[in-house]
Amino acid sequence: MRNKIINMPDTIIFDIMFENMPIRNENMSILESNIINQLNNLLKEREQISQYITSLPQIAAQLLIELENEETDFIKIESILNKDPILAAKVLSIVNSAYYKHTSQPITNLLKAISILGLDCIISILMPVLLKGVFNINLYHFKLFGSVIWQHSLETAVLCQTLSKDQKEISQFHCYLMGLVHDLGKVVAFQCISQNLTDTKEAPNIGSDCFKQALSQCSLGLSIQTAILWQLPKEVIKSLELQVTNKTNDLASILHLANKISEANLMIENNHMTLLRAIELIINDDISKAQVTQCLNKLMDLPPL
């Protein structure tokens, strides 16, 4: 898959977050320039990012290491999950749901549950549970940000898996994970913005076009640096790095397309774009109108995440 550039705005989430702000200037204010300077400094000093985003949960780090191990098995995954009763209970709850349950007797053995679900399914169940706290932030000036960015990240993860299912050589684990973490930089950026707005006594003067473009660029870099800080798989880091270059690979192309479809869905939900216009902008030689429609319908059918 080698997707062409999709002609959609790069500032969609920022447009939605700042749409109620009074400013509509093209040039950056002093406050905006200060925020961008702070974010650029974070890009140079990766360790400082931890001031604005929590560390990767320890059990998530253990799972990622084990899932990267070619010799891993269900018993090793079980031993990790047994350290966290909440995660173990989540797995048992899913395996006993109507979708997976094929016997009249409830499944109470964790090892059996893992073997039924499989490792790809396990990661798509557990990583959202483990990472939700990272996105679950309550910003005074942007109360909806946490829920918007979390929904978008989960949708992108689901689409990355969907778009890669026919490509046997691609890891479903890597696809889901890269979709889930691709916008970590926006969490860092909005934490920084919120802190600056709290510190200033002036009325918020924020949301210029130049500021949103600069935020978009900084956020991509911050996502990469956070992924490195978290020691995520090199394939995931590479797919993020390729989002800021003219080069690509299969994983990066899948992420680019999944992100654009999820952003289009966000614009549709916020009445910034019609369904037909979204489909027109996304379709290209690699994805048909029917496929785009199917992806958007899949997102619209997802329950609130």
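Every read-out reported here was derived from the displayed coordinates using simple, explicitly stated rules and does not represent laboratory data. Everything numeric here is computed off the predicted structure, so don't read it as measured data. Heads up, the Cβs are rebuilt from the backbone with ideal geometry, glycines too, and the neighbour counts pull from every protein chain shown.
Below is a table of values for the structure above.
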| read-out | value |
| --- | --- |
| Estimated vicinal HN-Hα couplings, Hz - segment 44-58 in sequence order (Karplus 6.51, -1.76, 1.60; Gly, Pro = x) | 8, 10, 3, 4, 6, 4, 5, 5, 10, 8, 6, 6, 5, x, 4 |
| Among 217-228, 188-199, the order from most to least packed when residues are scored by Cβ within 10 Å on average | 217-228, 188-199 |
| For segment 183-200, 3J(HN,Hα) per residue [Karplus equation, 6.51 cos²θ - 1.76 cosθ + 1.60, θ = phi - 60°, Hz, x = Gly/Pro] | 10, 4, x, 5, 4, 4, 4, 6, 5, 5, 4, 4, 4, 5, 5, 5, 6, 7 |
| Trypsin sites (Lys or Arg not before Pro) restricted to DSSP loop in segment 218-305 with at most 12 other C-beta within 10 Å | K247 |
| No Cys partner within the rule (Cβ under 4.7 Å), the chain | C121, C192, C210, C218, C295 |
| When each of K165/K234; K143/K247; K168/K260; K44/K132; K101/K186; K76/K186 is checked by Cα-Cα distance, pairs over 31 Å | K143/K247; K101/K186; K76/K186 |
| Relative contact order (percent, whole number), the chain, Cα cutoff 8 Å, 6+ residue spacing | 30 percent |
| DSSP-loop trypsin sites (Lys or Arg not before Pro) across segment 159-196, with at most 14 other Cβ within 10 angstrom | K165, K168 |
| Tail beyond 22 Å, pair distance distribution of segment 140-251 (Cα, percent) | 39 percent |
| Euclidean distance of C-alpha centroids, segment 85-154 and segment 50-65, integer Å | 17 Å |
| Charge dipole (debye, nearest 20) of the chain; +1 at Cβ of Lys and Arg, -1 at Cβ of Asp and Glu | 340 debye |
| Label assignment, semi-axes √(5λ) of the Cα gyration tensor in Å derived from the structure, set (1) 33, 28, 16; (2) 34, 23, 18; (3) 39, 20, 17 | (2) |
| Karplus 3J(HN,Hα) series, Hz, for segment 144-153 with 6.51 cos²θ - 1.76 cosθ + 1.60 (x for Gly, Pro) | 8, 4, x, 5, 5, 5, 5, 4, 4, 5 |
| Charge-dipole axis of segment 12-301 as Lys and Arg at +1 and Asp and Glu at -1 on Cβ define it, positive-most pick from I206, S50, S79 | S79 |
| Loop-located trypsin sites (Lys or Arg not before Pro) in segment 65-103 whose Cβ has at most 12 other Cβ within 10 Å (DSSP) | K83 |
